[in-house]
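Notes for the one structure printed next.
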Amino acid sequence: MRIQRFIRETGYCSRREAERLIAAERVRINEETANKNSFVTQGDVVLIDRKEIKQNEDPAIYIALNKPVGITCTAAEHIKGNIIEFVNHPYRVFPVGRLDKASEGLILLTNDGDIVNKILRAEHHHEKEYVVTVDKPFSDAFLEGMSKGVQLPNVKTNPCRVFRVNDVTFRIILTQGLNRQIRRMCRAFGYTVTKLERIRIMNVKLGGLEKGKWRDLTAEELKTLHMQVENS
C-alpha cells in the first residue's frame, strides 16, 4: 500500500499529516527516505523521526457459533460449505476443534492460536457437553455402559457423565475429542445417532443463540475461559 495509507492505518496520524511528514523527509522505509509515491510491502520497516511504527494487529476475536447441519468445520476455502465462508467474519478466524458435518450446535472460532492449542490438548480434559438422540429407546444399562468407557477399534474411550433426557435422548459430557466419538460409542451398543447437538464447551454455553448465528464471547466468558486453560 502507499506510504500515506500505511501511516494512517497505524493510527499514528491522519493521511494529510502523513503527507506533511513525508514532504518534510521525516519518513523512511528501510532506511531510505520516503516520497509521496513510495509503497510499503510486507516486511518493510517504516520509521518516523527514526522511530519504527507498525500496522495495527487484528484485535483478538473470540466468537460462538450455533453451527447448523451441513457446514464443514474447516478453514480450507476450496471446500464448499466451509465454516469460514459461512461465518463471513470481517477478521480471519478459524474453528477450535471440529463438529462433524452432520452435527449441530456450539463451536468456537478465534484468531488466537495459543488458546486453541490449550483447549485442544487432550491431557487438559476440558469438558464438552452434547444432547444426543438415537434411533430407538435405550435402557439404563446403555447409559451405564457409555459412562464407563466404550471399547472402540484400537482405543477405549475415557469414562464420562451421561444423563437420560427421555427414552431416546441423553446428555453426555466428554473430556475427549476423538473423531466422531459419540456416534462410534452409540454404534458399539447397536444405536444410530439421529441428532447430535453440542450445547457447551467448558464454560461457554449455547443458550438461546439462534441456529446459524454467531456472537462475541462476553467479557466474563473470556475471563473464565482464560483462567481454565491457564490452570489446566
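Here are several values of percent of Cα pairs over 26 Å apart: (1) 32; (2) 46; (3) 53. Which one was derived from the coordinates shown? Matching entry in (1) 32; (2) 46; (3) 53: (3). Over what distance in Å are the Cα centres of the stretch 131-165 and the stretch 71-120 separated? For the stretch 131-165 versus the stretch 71-120, the Cα centre distance is 27 Å. For Val193, the accessible area of its heavy atoms, probed at 1.4 Å with every protein chain present, is near 20 square angstrom. This model, with +1 at the C-beta of Lys and Arg and -1 at the C-beta of Asp and Glu, gives the stretch 1-146 a dipole about its Cα centre of some 820 debye.
Surface analysis of the stretch 1-150 yields an accessible area of 56 Å² per residue, using protein heavy atoms and a 1.4 Å probe. Spatially, the stretch 5-44 and the stretch 189-212 are offset by 50 Å when compared through their Cα centroids. Taking amide H as placed 1.01 Å from N in the peptide plane, the amide H of Ser103 sits under 5 Å from that of Gly70, each at least 5 places away or on another chain. Derived scalar couplings between HN and Hα for the stretch 72-85 equal 9, 7, 9, 8, 6, 5, 7, 8, 5, x, 6, 5, 5, 5 Hz in order, rounded to whole Hz, by the Karplus curve 6.51 cos²θ - 1.76 cosθ + 1.60 (θ = phi - 60°), x for Gly and Pro. By a 1.4 Å probe calculation restricted to protein chains, Thr218 has an accessible surface near 70 Å², given to the nearest 10. Rounded to the nearest 500, the 222 nm mean residue ellipticity of the chain from helices alone is -7000 deg cm²/dmol, with -39,500 (n - 2.57) taken per DSSP H run of at least 4 residues. Solvent exposure of Arg92, expressed as accessible area, is near 120 Å², computed with a probe of 1.4 Å over the protein chains only.
Ranking of Lys195, Lys36 by solvent-accessible surface, largest first: Lys36, Lys195 (1.4 Å probe, protein heavy atoms only, all chains present).
For Arg161, nonlocal amide neighbours, meaning residues 5 or more places apart or on other chains whose placed amide H falls under 5 Å from its own, are Ile173. Where both bridge residues fall in the chain, DSSP classifies roughly 95% of the beta bridges as antiparallel. Of the solvent-accessible surface of the chain, computed with a 1.4 Å probe and all protein chains present, 48% belongs to carbon and sulfur. Rounded to the nearest whole Hz, the Karplus-based 3J(HN,Hα) values (6.51 cos²θ - 1.76 cosθ + 1.60, θ = phi - 60°) of the stretch 136-142 follow the sequence 7, x, 10, 9, 5, 5, 4, with x at glycine and proline. Rounded to the nearest Hz, the phi-derived 3J(HN,Hα) couplings of the stretch 200-217 under the Karplus curve 6.51 cos²θ - 1.76 cosθ + 1.60 (θ = phi - 60°) are 7, 10, 6, 8, 8, 10, 5, x, x, 4, 5, 4, x, 9, 10, 9, 6, 5, where x marks glycine and proline.
The values are calculated or read from the model by the stated rules, or taken from the named source; none is laboratory data. For clarity, every value in this text was computed on a predicted model and none was experimentally measured. Glycine also receives a Cβ, built like all others from the backbone with ideal geometry; neighbour counts cover every protein chain displayed. Just the protein is used for accessible areas: all its heavy atoms, side chains included, with ligands, DNA and RNA removed. Shrake-Rupley method; radii C 1.70, N 1.55, O 1.52, S 1.80 Å.
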